[in-house]
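Reading through the structure tokens given below for one structure.
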């Protein structure tokens with residue numbers, strides 16, 4: 001192999017993309033989704049929810065320091081992490097469902113990368129003008145005052161948006177008004193500033209400069225999704241049987257032999273990832289549907305029916321080419337696969353709601369001490385030791401009383417108190433040493449292992465919880 | 001963009017992808033160039049890696065690895081952590097050292113701190129003899145039960161830890177059982193008799209005939225320390241012989257050995273090695289294992 005065989009380009013520079021402004025139903029939908037998602041993201045940490053004097057009043061709070069997650073009336077402790085796991089499973093199944101039904105809708109409408117890029121492009125358009133103006137500015141080699149001013153203004157606005165992004169993120173993890181005050185007075189924890197700096201930088205860079213490069217090269221999701229689409233999945237496509245042969249309509253040309261596509265490049269010019277949808281389904285396509293809006297607009301102008309570029313399924317292509325009507329949309333969406341995803345999604349959801357309702361406000365875990373398994377007391381009675389973790393999820397301190405069932409002769413002693421009752425702090429836990437004693441020569445004292453049940457009772461309202469455990473006697 | 005003519009199949013409208021020229025059995029390798037920023041990222045990582053290996057310990061040499069310009073080491077980091085924890089705890093340690101251990105009430109922050117700190121002291125210093133679960137072993141008392149040789153209140157435990165038992169310091173708890181057999185203080189048959197009496201005291205099986213004679217031997221030789229009923233005497237560290245707990249063993253052979261050769265359990269004066277706060281913490285920890293009085 002000679003050096004001539006090595007191709008000239010092993011690496012290529014990013015080709016800048018200047019999406020043109022477009023209006024239409026999908027663009028409007030994307031605006032609405034952008035307002036909703038960004039609105040929820042920015043406003044959520046500032047919502048208040050009264051939980052009483054001992055608990056934070058922030059409606060949505062991920063309290064890492066105290067290992068609590070608050071969501072309005074729901075409070076999740078670390079041992080209830082299965083709720084988070086369940087929500088993640090639901091998110092996964094939801095993505096499967098949407099992808100099998102309508103392709104990369106997540107990418108096209110709701111992904112933060114898409115939403116922020118959309119916002120950054122909007123800012124770019126406000127400051128530098130639409131596609132042609134931006135192209136001219138890009139091609140202008142000389143850095144004059146105007147170009148410098150436009151670029152700096154754009155970058156400054158991007159930077160401010162990025163800063164607001166990082167700011168909103170840190171507010172989820174601590175009391176938002178307090179943190180804002182500390183941030184402004186320079187007293188916040190360095191981690192808060194660092195997090196904001198990192199998120200500002202990534203948002204600025206990903207939304208402003210990397211854009212579609214993230215989707216094409218950095219994100220694994222397009223590959224996963226490609227494997228989850230099938231011939232019934234609705235994706236953005238081009239009706240080439242209707243559009244071809246494409247030709248710019250000129251007076252001299254006989255238009256009757258031509259397709260509907262007038263090769264106006266509107267679909268290419270509005271594309272945020274810089275592809276030509278007429279080349280077919282491509283890895284780069286995030287199915288934002290802006291080309292549909294652009295093409296529909298052109299079709300209206302030249303008096304042709306809409307839908308030259310449209311959401312459609314692969315299965316419909318032969319039928320449409322043969323002149324038959326495609327399957328209705330609901331038949332593409334309602335099929336065993338999507339129904340199964342929905343059912344699984346709902347089942348996990350129901351299970352989580354069920355778990356949420358049956359969980360108790362008091363709880364304990366019991367670890368029988370096995371080193372040693374029992375202690376002989378001076379009168380010959382046998383004592384077992386249990387390390388009990390008591391949990392009080394109430395917003396006030398509660399007296400918890402320990403008791404045992406299994407044998408009436410068993411006696412319970414709680415370390416550090418004269419009765420069997422300890423105070424467990426509000427929204428907290430207490431690791432308590434509990435002793436169970438069987439009298440000398442009693443049956444439990446002389447039996448190897450006997451099942452017993454430890455009970456904890458909240459003396460305020462008589463709520464109870466129990467854990468089954470064992471009592472080890474001195475056999476022989 | 002001249003798409004006329006070949007525009008029927010949209011898949012072919014794009015220019016054919018360049019190939020690398022490699023061809024194996026007719027399979028050609030396409031050249032889909034990587035983005036150039038990817039290459040830059042790669043170079044940046046190399047530069048970062050070089051800088052990192054200069055700044056941090058990295059390259060293996062004949063004697064250990066290079067230390068790095070920043071002088072970082074994991075051991076040093078641990079030492080820093082320990083120092084910062086010590087600084088954090090300095091105040092409560094001072095409070096604990098100055099406190100009267102009997103006055104530290106359970107379920108107070110100081111008591112909780114002492115219990116946890118005492119657990120750390122115990123795991124470092126005490127478990128070699130008393131066991132990781134404080135259950136003791138032959139000759140090393142079980143600290144979980146309610147039988148105490150020298151007293152089980154928190155201040156008595158603190159004293160035992162501070163000054164130790166039968167060591168060479170002046171304030172150590174001290175007592176010594178005579179070697180009744182070795183030093184020929186008792187005749188062999190008297191030892192047999194008193195062993196049967198002790199077995200009777202503790203509720204074990206015994207020889208009634210020998211035991212009656214043993215009672216007299218016990219009253220003459222043992223009751224001064226162990227008491228007339230064998231209940232022991234904590235002032236002298238004399239064990240209770242009438243309960244279910246034995247430090248060295250309660251069977252006939254072991255008791256014979258104990259009476260003949262005596263026992264001399266020793267514990268160091270931990271006050272010489274631990275801070276006052278650590279002694280107090282260990283005392284509170286031991287006191288809260290279940291046997292505290």
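Just one of A:375, A:417 is more than 46 Å from the chain's Cα centre (by Cα), free of Cβ contacts under 8 Å to residues at least 60 places away in the same chain, closer than 30 Å to residue B:102 by Cβ and buried (at least 17 other Cβ atoms within 10 Å of the Cβ); which is it?
A:375
Quick check: anything in the stretch A:255-275 within 14 Å of chain B (Cβ to nearest Cβ), loosely packed, with under 14 Cβ neighbours inside 10 Å and at pLDDT below 90?
yes
Let's see how each residue does on (1) buried (at least 20 other Cβ atoms within 10 Å of the Cβ); (2) within 41 Å of the chain's Cα centre (by Cα); (3) over 30 Å from residue B:274 (Cα atoms):
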residue: B:174; (1), (2), (3): no, yes, no
residue: B:184; (1), (2), (3): no, no, yes
residue: B:193; (1), (2), (3): yes, no, yes
residue: B:196; (1), (2), (3): yes, yes, yes
residue: B:230; (1), (2), (3): yes, yes, yes
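Would you check which residues across the stretch B:120-139 are more than 11 Å from chain A (Cβ to nearest Cβ) and buried (at least 17 other Cβ atoms within 10 Å of the Cβ) and list them?
B:121, B:122, B:125, B:126, B:130
Buried (at least 17 other Cβ atoms within 10 Å of the Cβ) and within 22 Å of the chain's Cα centre (by Cα), is that true of residue A:211?
Yes, satisfied.
Quick check on my filter: what residues within the stretch B:83-112 are within 22 Å of the chain's Cα centre (by Cα), in contact (Cβ under 8 Å) with a residue 60 or more places away in the chain and more than 13 Å from every other protein chain (Cβ to nearest Cβ)?
B:93, B:96, B:97, B:101
Quick grid of which residues meet (1) surrounded by 13 or more Cβ atoms within 10 Å (Cβ to Cβ); (2) assigned by TED's automatic domain parsing to the domain that holds residue A:387; (3) part of a loop (DSSP other than H, G, I, E, B):
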{"position": "A:296", "(1), (2), (3)": "yes, no, no"}
{"position": "A:299", "(1), (2), (3)": "yes, no, no"}
{"position": "A:323", "(1), (2), (3)": "no, no, yes"}
{"position": "A:347", "(1), (2), (3)": "no, no, no"}
{"position": "A:353", "(1), (2), (3)": "no, no, no"}
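Quick check: is even one residue across the stretch B:63-70 part of a loop (DSSP other than H, G, I, E, B) and either under 30 Å from residue B:20 (Cβ atoms) or touching a strand residue (DSSP E or B) at 6+ places or on another chain (Cβ under 9 Å) (or both)?
Within the stretch B:63-70, one or more residues are part of a loop (DSSP other than H, G, I, E, B) and either under 30 Å from residue B:20 (Cβ atoms) or touching a strand residue (DSSP E or B) at 6+ places or on another chain (Cβ under 9 Å) (or both).
Please tell me if residue A:287 is within 30 Å of residue B:32 (Cβ to Cβ), touching a residue at least 40 places away in the same chain (Cβ under 8 Å), in contact with a strand residue (DSSP E or B) (Cβ under 6 Å, 6 or more places away or on another chain) and more than 14 Å from chain B (Cβ to nearest Cβ).
Taking the combined requirement at face value, the residue satisfies it.
What number of residues in the stretch B:259-291 are in a helix (DSSP H, G or I) and more than 20 Å from residue B:153 (Cβ to Cβ)?
Summing the residues that are in a helix (DSSP H, G or I) and more than 20 Å from residue B:153 (Cβ to Cβ) in the stretch B:259-291 gives 4.
For the stretch B:189-217, what are the residues that are part of a loop (DSSP other than H, G, I, E, B) and touching a helix residue (DSSP H, G or I) at 6+ places or on another chain (Cβ under 8 Å)?
Of everything in the stretch B:189-217, those that are part of a loop (DSSP other than H, G, I, E, B) and touching a helix residue (DSSP H, G or I) at 6+ places or on another chain (Cβ under 8 Å) turn out to be B:205, B:206, B:207.
The values are calculated or read from the model by the stated rules, or taken from the named source; none is laboratory data. Please read these numbers as outputs of a predicted model, since none were measured by experiment. We place every Cβ from the backbone using ideal geometry, glycine too, and count neighbours over all the protein chains shown.
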